[in-house]
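Shown next, in structure tokens, is the structure this report addresses.
Every number in this text was worked out from the coordinates using simple rules, so none of it is lab data. Being a predicted model, the structure only gives us computed values, none of them experimental. Cβ placement follows ideal geometry from the backbone for every residue including glycine, while neighbour counts extend to all protein chains displayed.
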Amino acid sequence: MKSNHLSYLLAVVFYFLFACFSSMSQDWKKEFNEELSLLGHRNWIVITDMAYPLQNKSGIKTIYTGESYMDVLSFIDYEIKKSSHINPVIYQDQELSFLEDSDVMGIEDLKKEIAELFEKKRINYLPHDKLIARMNEVSQMFTVFILKTNMTFPYVSTFIELDCGYWSEEQENNLLSKMNKRNE
């Protein structure tokens, strides 16, 4: 009789634990998708490891996903691809390109996964401190959306600067050239 009660109690506990984790997983995705249509040119999305600090700036919004780095990165990449109003400019910590398995076991496999995900996109590498400074500057005027993962590798943050998805740099330069000619 006691084992039936114990089995029932364990089943209930596991059910609620699964429901909570499942709900948490869906909550951050729902919140991100609600924000994505509001994000645009000059906003940033940052996918980070566990050690990334919580910032108290009003222009920075941080959400803990509780999920793996690659799952979150893949989800964000997919959602951005579906959005016609934005294009990603991708940055990663320059320090990551110097890390090897002898420094952090498994880092080389992670770097391969990241390269496969972004196969057709250019990744810009800058020192971590410069990326943080740039993000800090951007957050003075524009929202930075940080998604913290359960990753415990150093220097794996991916910084995504959003650019306009329907107006290219070439189009902008042509327009500026026309304006300058008219003003001469």
Single match in Tyr125, Tyr69 (criterion: under 15 Å from the mean Cα position of the chain (by Cα) and among the hydroxyl-bearing types (Ser, Thr, Tyr))
Tyr69
Among Ser68, Ser83, Ser97, the single one that is in contact (Cβ under 8 Å) with a residue 12 or more places away in the chain, loosely packed, with under 15 Cβ neighbours inside 10 Å and closer than 22 Å to Trp28 by Cα is Ser68
Does region 115-130 contain at least one residue that is of a type in the set (Lys, Arg), outside any helix (DSSP H, G or I) and without any contact (Cβ under 8 Å) to a residue 12 or more places away in the chain?
yes
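For residues that are hydroxyl-bearing (Ser, Thr, Tyr) and in contact with a helix residue (DSSP H, G or I) (Cβ under 8 Å, 6 or more places away or on another chain), scanning just region 46-74, find the one that is nearest to Glu161 (Cα to Cα).
Ser74
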Scanning region 83-101 for residues that are in a loop (DSSP other than H, G, I, E, B) and either within 13 Å of Phe153 (Cα to Cα) or among the hydrophobic types (A, V, I, L, M, F, W, C) (or both) gives Leu99, Glu100, Asp101
Can you list residue pairs whose Cβ atoms sit under 6 Å apart, with the first residue in region 164-175 being touching a residue at least 24 places away in the same chain (Cβ under 8 Å) and the second being assigned to a strand (DSSP E or B) and among the aliphatic types (A, V, I, L, M)? Count only pairs 6 or more apart in sequence or on different chains.
Gly165/Ile86
Can you name the residue in region 100-116 that is closer than 18 Å to His128 by Cα and not aliphatic (A, V, I, L, M) and is also surrounded by the fewest Cβ atoms within 10 Å (Cβ to Cβ) among such residues?
Glu100
